[in-house]
Protein chains: 2
Amino acid sequence: MRLIGPNSLGMVNPRIHFYGSFATGLELGFPEPGHVGIVSQSGAYGAHLMTAAVASGIGLSMMVMTGNEADLTLGDVVNMLVDDPNTKVIALYSEGIRQSATLVSALERAREHKKPVVIMKVGQSALGQAAALSHTASVAGNDRVFDAVMAELGVIRVQTTEQMLDIARLATRGIFPENNTLGVFTVSGGAGVIISDAAATHGLAMPAMPQPAQDRLRELLPFCTPTNPVDTTAQVLNDMSLLTTFTESLVVDGGCQSILGFVTYTATAATSGERVREALKTVAQSHPDRLYVLNAMGDAEKLKRYEENGFTIFEDPSRAVAAISAMGRYGQAFAEKPKRVAPTIPPIELPANTPSEAQVKALLSQAGIAVVPETVCTNVDAAAAAAAALNEPVVMKIVSPDILHKTEIGGVLLNVDGEKAVREGFERLIERAKEHAPQAKIDGVLVAKQITGGVQCLLGVQQDPVFGPMAVFGLGGIFVEVLDDVVLHRCPFGEDVAMQMIQGIRAAPLLFGTRGQPKADVHALATMLANLSAFAVAAGPRLQSIDLNPVFAMPEGQGAFAADAVITLTSENSE
Amino acid sequence: MRLIGPNSLGMVNPRIHFYGSFATGLELGFPEPGHVGIVSQSGAYGAHLMTAAVASGIGLSMMVMTGNEADLTLGDVVNMLVDDPNTKVIALYSEGIRQSATLVSALERAREHKKPVVIMKVGQSALGQAAALSHTASVAGNDRVFDAVMAELGVIRVQTTEQMLDIARLATRGIFPENNTLGVFTVSGGAGVIISDAAATHGLAMPAMPQPAQDRLRELLPFCTPTNPVDTTAQVLNDMSLLTTFTESLVVDGGCQSILGFVTYTATAATSGERVREALKTVAQSHPDRLYVLNAMGDAEKLKRYEENGFTIFEDPSRAVAAISAMGRYGQAFAEKPKRVAPTIPPIELPANTPSEAQVKALLSQAGIAVVPETVCTNVDAAAAAAAALNEPVVMKIVSPDILHKTEIGGVLLNVDGEKAVREGFERLIERAKEHAPQAKIDGVLVAKQITGGVQCLLGVQQDPVFGPMAVFGLGGIFVEVLDDVVLHRCPFGEDVAMQMIQGIRAAPLLFGTRGQPKADVHALATMLANLSAFAVAAGPRLQSIDLNPVFAMPEGQGAFAADAVITLTSENSE
């Protein structure tokens, strides 16, 4: 026997008339049987959600409030709903994930079964103190991790209850166009502009009608605007056959996957309502593979008949566009090809204590991550020889497992040129290290090639307490620290995902060639990022974070090199 | 006699039973008299708006659809509504502004009369081709100009009809807290988190309850969470006096200006509805100066009684928070002190043709805008002398009214050091200019101090066809061109507004000291920006654009200097 709760408001299954809940909201009306399964970790908010769903005409297959999740968690119930033939759409309300592996695999199954999932996850909590040691941690906040994981799984995360119910309601139509396009007919030019603006905001394509179709429509109604939106003007009220013709043309000639009609009060007004419905009904019946949405208002019973004819009703045009756009996102997620698999790398064994930079780079090299050519030198002659071999100028850095932030103690020298400078630099670094950290074990001085040119990037990994290692990509310096311009993804992943991440930052044009700059070697960057993701998994749970900062992305064909690398381990306390 | 229209759906004044409109929407019900005045440039969408307003229980003082505005424009009707004692709130739908001066002065009058204005403005059009000549133009798109002007005038611009009606409905309460704070009581912890998240999104403060008040509440109900949100748990259903006490404590102890209660279906359920209403009513009656909002649902007649008791009802918590936040923005706009006046500068006379860089800088100097120390040299000896006087290294640039983009023809040399290099540079620049632009009139070579350090900024002005000269501020290079990180404001303005603009970019931390960098001389920048705004107005309508790019903002106390300056004039064709 399995347990829901404790501290739960129970569950409801309208199909079998099971109302195992003491939510007062049921006083306002019992849910009708339907195809949306709702799971909520909150009792009171879950009951609010259920009542709001009833009020907006959504039928439920199941409503479960998981409470404190002593046994069954959110993921378990999602798994159940994936298997439930009456559930076509899954709507989740979450305040925090327990057993993320169960949830992730349940969400993966939902995608395989083409059951759309919409989630509202509230609350933002800071990462633990231990995590604040690295740059990566400061940008990989919890909430952003959640966003990244849901996007990866094809789950749509919403901010408000209304968005959730809008999407759930429309999704019950079961139409999820892989390449969504929107065709709009409207009796108001103004509404057409509102809808076009909203479609642009949501990245929903509104292709123009083919010219022959435009010509034909203009012949029928000379003062119409037949582009898309197709503005029929109020003339359709005088000749309803126009409404049928224009709408059908969006489907047949325009090939639009989703149709949105702005008919507002004419849908229900006594003088026009029935005629509008008849004119539209024939189109939906002839082409049942498309998604039909109407902006309409008025008497609820009259609107219900439109719903029965295949039209989902939204009063507000902007909300309609948002929901239609979501159906396309599901379509893409369901059609997504399996991602290229993560690179295979040899087993990684982390040392017992925080590794030095040289150790880190040796470890990373095993995973095929290129570092700037360099040598650790234990005496001044070796340093001079190494510098000469690298063709000065060079960068010199103190090497010590006990000094993580070298810059702060003056432990990094840039642009060291000439033997004399190299020899002086060596002595100075040893001195500074002894002065600022007398207890530190000093392994020597690293002599590395001074890289000029290239775009500085940050590649990192942060162990998330819920979802495990998360890779982070951004440009170096202010882009991460001031502009917060980063993307995240669960580890591991292949080069295709890595490339999507690289393309996903706002500052991506700087890598792909802009302002007369050459294109950077983004393929080398993608390889490095994918290898890093495999490394993070291979390193196991003792890995707390990795910071490759900066990584120099050189011009195309010239590679990418990590110039600095820090790995932190989980402390025993935080285990 | 004045004219509304043509091509208008007419107007409606419910108070005098005047329904001068043939909108079919009136079949669904006539508007009740009320205090919201709606003006729409679209007929069909205006009628939709009116019908949606009726459906959401908003009473109207006036509904005017201005159509093609052959005579009366949006601004004229706003002016009328400002004077109409029955209109407390003004809601506008616009597709394009005619006679912006009338609209701006009407909106200024609305603010003086403390009548909140909410506007939905749709459609985005590109600026004319002529404007695309300057960097500034590419970032000062029409829509962004409109945003900036509305923000300046204290008007809230919304994206959707729902946002407009939510704000209009709540604004009829006439309560606009200057320093808005939100106190929340809830019967659901989950809802408390949703509301807190939404408040954070909207920048609405939710101060914690004072400790003594928390202690007292916890004594009354040991398992409550009395911070803010105050989570009373469902226990209030057993003892309604708790609801009164907790709510009143948010008002009296917490001093919250706005109160939001999440009571959902308990507001109307047969077993709890009346008791909840009585418990809350007493608080609103005792403290009528606060804004009261409830998240509730259920029977419309029952909810109406809450409205009569002073509580505005929203089903969705996120929408409620958005509307409450808007009331605070009105409060701030109404309380705003008159801005410091724009600097006074001597009259500016633009030359007949596009001025050269040297001419531009001379003009700007008249307005007190500091440029990098420099001299125009007509022969090589003068150049050598100038470089010596400026303490080399110097920057050298070709000076010609016919060459606007000097970099593209290699007409700029950086870091020229030593007399020999200066002499060679002079000859090379003259040569290149002759080679690339044989027809160009060459005025000489500019020799300027090479500035090192400082933060590079862009200060610009762009003539907007609707609102006149708009000032633009951002950081140089990629911040403007890739990250689109700029702020705009109508010209002219004082240093206080200029400082707000500087603080308004996302990358502002780079100017105010971050990552070990010194704070830049933002006061000098603000002075320059204010002077530039006065210059733009003084220069008159022939000014098309100004680009000061880069401007070097030096460390605090060391000033700001324009290193390059371009002015373009409106061509005769575009006049």
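Applying both filters, DSSP loop and at most 15 other Cβ atoms within 10 Å, to the trypsin sites (Lys or Arg not before Pro) of segment B:268-374 gives B:LYS339, B:ARG340.
Where the accessible area of chain A is counted over protein heavy atoms with a 1.4 Å probe, how much of it, in %, is carbon and sulfur? Present the calculation step by step, with values, prior to reporting the outcome.
Numbers: 11770 of 22840 Å².
Answer for chain A: carbon and sulfur cover 52 percent of the accessible area.
In angstrom, the C-alpha Rg and Dmax of chain B are 29.7, 97. Sorted from closest to farthest, the other copies place their A:LYS420 label points 2.2 nm away, with each point set 7 Å from Cα along Cα→Cβ. Where does helix B:74-83 land angle-wise versus the long Cα axis of chain B, in degrees 0 to 90, nearest 10? Roughly 50 degrees, rounded to the nearest 10.
Take segment B:327-370 with all the other protein chains still there, run a 1.4 Å probe, and you get 54 Å² of accessible area per residue. With the biggest extent put first, the Cα atoms of segment A:182-268 measure 34, 31, 19 Å across the principal axes.
Look at the dipole of chain B built from charges on Cβ: of B:LEU475, B:TYR45, B:ALA421, the Cα furthest out on the positive end belongs to B:TYR45. Peptide B:42-55 has a mean of 6 when you count, residue by residue, the C-beta atoms of other protein chains within 10 Å of its C-beta. Between the Cα long axis of helix A:100-112 and the first principal axis of chain A there is an angle of about 50°, rounded to the nearest 10.
The mean accessible area for residues of segment B:471-575, using a 1.4 Å probe and ignoring ligands and nucleic acids, is 35 Å² per residue. What accessible area, in Å² to the nearest ten, does a 1.4 Å probe give for A:HIS523? The accessible area comes out at roughly 110 Å². Excluding ligands, DNA and RNA, the accessible surface per residue across segment A:20-75 is 27 Å² with a 1.4 Å probe. Ranked by solvent-accessible area (1.4 Å probe, protein heavy atoms only, all chains present), the residues A:MET297, B:MET1 order from largest to smallest as B:MET1, A:MET297.
Here A:GLY29 yields copy-to-copy label distances, from shortest upward, of 1.6 nm, the label point defined as 7 Å from Cα along Cα to C-beta.
One residue of chain B places its C-beta nearer than any other to the axis carrying B onto A; that residue and its whole-Å distance are B:LEU483, 3. Beta-bridge orientation, the protein assembly as shown: approximately 55 percent antiparallel, per DSSP, counting only bridges with both partners inside.
Using only alpha-carbon positions, what ratio does the radius of gyration of segment B:529-568 give when scaled by 2.2 N^0.38 Å?
Working: Rg = 11.8 Å, N = 40, 2.2 N^0.38 = 8.9 Å.
Computed over Cα atoms of segment B:529-568, the ratio equals 1.32.
Buried on complex formation within segment B:265-283 (loss of at least 50 square angstrom of accessible surface versus the isolated chain, 1.4 Å probe, ligands and nucleic acids ignored): B:TYR265. Accessible surface of B:HIS35, taken over heavy atoms with a 1.4 Å probe and every protein chain present, rounds to 70 Å². Highest-first packing order for the peptide set A:417-428, A:548-559 is A:548-559, A:417-428, based on the mean count of other beta carbon atoms within 10 Å. Within the straight-line cut-off of under 19 Å between alpha carbons, the aspartates and glutamates reachable from B:LYS519 are A:GLU481, B:GLU495, B:ASP496, B:GLU556, sequence neighbours fewer than 8 places apart in one chain being disregarded. Taking the chain by itself as reference, segment A:297-343 contains these residues with an accessible-area loss of 10 Å² or more in the full protein complex (1.4 Å probe, heavy atoms): A:MET297, A:GLY298, A:GLU315, A:ASP316, A:PRO317, A:SER318, A:ARG319. Measuring r between the beta carbons of B:GLN235 and A:ALA335 and using R0 = 60 Å, the FRET efficiency lands at 0.75.
When peptides A:342-352, B:498-508 are ranked by their average number of other Cβ atoms within 10 Å per residue, the highest-first order is B:498-508, A:342-352.
Taking a straight Cα-Cα cut-off under 17 Å and skipping sequence neighbours fewer than 8 places away in the same chain, the lysines within cross-link reach of A:LYS361 are A:LYS397, A:LYS406, A:LYS449.
Within 10 Å of each Cβ in peptide B:85-95, how many partner chain Cβ atoms are there on average? Round it to a whole number, please.
On the way: counts 0, 0, 0, 0, 0, 0, 0, 0, 2, 1, 4.
Mean partner-chain Cβ count within 10 Å for B:85-95: 1.
Mind grabbing the interface size between B and A? I mean buried accessible area, both sides, 1.4 Å probe, in Å² to the nearest hundred. Write out the running numbers ahead of the final one.
Values: alone 24990 and 24960 Å², together 45690 Å².
For B against A, buried area totals roughly 4300 Å².
A label point on A:ASN68, set 7 Å along the Cα-to-Cβ line, lies at 7.2 nm from each of its counterparts in the other copies, closest listed first.
Burial here means at least 20 square angstrom less accessible surface with every protein chain in place than with the chain by itself, probed at 1.4 Å; in segment B:176-210 the buried residues are B:SER188, B:GLY190, B:VAL193, B:ILE194, B:ASP197. Across chain A, Cα pairs under 8 Å and at least six residues apart give a relative contact order of 11 percent. For segment A:506-536 versus segment B:20-91, the inter-centroid distance based on Cα atoms is 54 Å. Between A:GLU435 and A:LEU414, full extension at 0.36 nm per residue minus the direct alpha carbon distance yields a gain of 5.5 nm.
How shielded is B:158-167 by partner chains, expressed as the average number of their Cβ atoms within 10 Å of its Cβ atoms? Present the calculation step by step, with values, prior to reporting the outcome.
Details: counts 1, 5, 9, 8, 6, 2, 0, 1, 0, 0.
Shielding by partners across B:158-167 averages 3.
Angle of helix B:161-171 to the longest C-alpha principal axis of chain B, folded into 0 to 90 degrees and rounded to 10: 70°.
For segment A:429-485, the C-alpha radius of gyration sits at 1.66 times the compact-globule guess of 2.2 N^0.38 Å, with N the residue count.
The values are calculated or read from the model by the stated rules, or taken from the named source; none is laboratory data. Note that the structure is a prediction, hence the values are computed from the model and not measured. No Cβ is skipped: glycine too gets one built from the backbone with ideal geometry, and neighbour counts run over all protein chains shown. Quick note on the areas: whole protein, heavy atoms, side chains included, nothing else; ligands and nucleic acids left out. Shrake-Rupley method; radii C 1.70, N 1.55, O 1.52, S 1.80 Å.
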